[in-house]
Amino acid sequence: MAQSGPGKIRLFEDFITAQDLVVATAVPRYLTPAGSGWLRVVGQGSEQNDSGAPTVSGALGGAVRLTTTDDDVHSYILETLPIFDVALMGPLVAEARVQFNNFDTKAAFMGFTDIAIGSDVPDIQTDLLTAASATTITPVASDYVGFYLDAELTEDERWHGVYNGGATTGQTVSASCELGTDSVAAKWDIIRLEVDPNGDARWFLNGDLKQSVAAAVSTTVDLKFMIGVGTKGDAKEEFDVAYILVTANRDWTV
C-alpha cells in the first residue's frame, strides 16, 4: 500500500562529536546522545573500562577508534537493532571508511547479520564466524553478509566477502572469497556492501567491484547492521572508523 512521506531510510554517522569514553556498565548504550543516536555499543567485554571508542587524534573530519580489552574472545561492536528486511526494504547499502593499526591478532566485520539478537555481549568469533584454519572459514550465525578480516587466515591483511543464509551456500574456503587487495596499516579504505531485494550481494573496495554473489543472504530474516573488532589473543585490538552510511527503502507494507 503506497503512503506519502520519506520512503528512504538513511543512517549516517561521521563521528564529529560522538565518542564512547567507556562507561563501565553492562547496559547497552548509544555512541551518540540518547534520543538522537542509532548506533548501540555492544560486545563481550565492551562494558569494561579498558575498552571504548575514543576520538582518533588528528583525524580531520572525525573518526573513532573501536577498542577492545586485552582479553581473548572479546569484541567491541557498534550495531543497529534488527530493523532491515532484504525483500521488503532492499536494496540495502552499508558503507564505511576504515583503517587498522595492525593485522596481528584481530578479527573484524562490517555488514548485516541476525547474530545474538537481544544479547548485549556478542563476540565476532563466538557468535558470527571464525577462521577454523588458515584456509577455512566456519559459519556460526545462520545469517550474515559482509566484509570479514581475520588474522588467522592465510591472507590476513585482506578483506573477505562472506555470506550465509541465502539460497547460495555460504563460502567456507577463504581463498574463494578473498577480495584481492591487501589493506595497509594506517591507510584508510572505503568498504561498501550492496544487497538487492532478491538477496544478491556486491562487495566494493575503494570504489572497485570485488565480488558479486547471487542469493547470498536470506530475504526473509530480519537483519541488523553491525561493525566491530574482536580479539584473537591477549592484546587490545583497534579498528578506526571515520564514517558509517547505511541506507534502505522503508517498508510500506501493512
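The values are calculated or read from the model by the stated rules, or taken from the named source; none is laboratory data. Fair warning: this is a prediction, and the values are worked out from it, not measured in the lab. Quick reminder, even Gly has a Cβ in these numbers, built from the backbone with ideal geometry, and neighbours come from all protein chains shown.
Below is a table of values for the structure above.
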| quantity | calculated |
| --- | --- |
| Condition check for Ile227: crowded, with 23+ Cβ neighbours inside 10 Å and touching a Phe, Trp or Tyr at 6+ places or on another chain (Cβ under 6 Å) | no |
| Thr126 vs. criteria at pLDDT 95 or above and over 22 Å from Asp14 (Cα atoms) | no |
| Residue ID - surrounded by the most Cβ atoms within 10 Å (Cβ to Cβ), chosen from residues in the range 143-161 that are free of Cβ contacts under 8 Å to residues at least 40 places away in the same chain and assigned to a strand (DSSP E or B) | His160 |
| Test: residue in the range 232-240 that is more than 29 Å from Thr67 (Cβ to Cβ), among the aromatic types (Phe, Trp, Tyr) and either buried (at least 21 other Cβ atoms within 10 Å of the Cβ) or modelled with pLDDT under 95 (or both) | no |
| Filter pass, Thr220 being under 18 Å from the mean Cα position of the chain (by Cα) and polar (S, T, N, Q) | no |
| The one condition in (1) within 20 Å of Lys8 (Cβ to Cβ); (2) at pLDDT 95 or above; (3) among the aliphatic types (A, V, I, L, M); (4) assigned to a loop (DSSP other than H, G, I, E, B) that Val184 fails to fulfil | (1) |
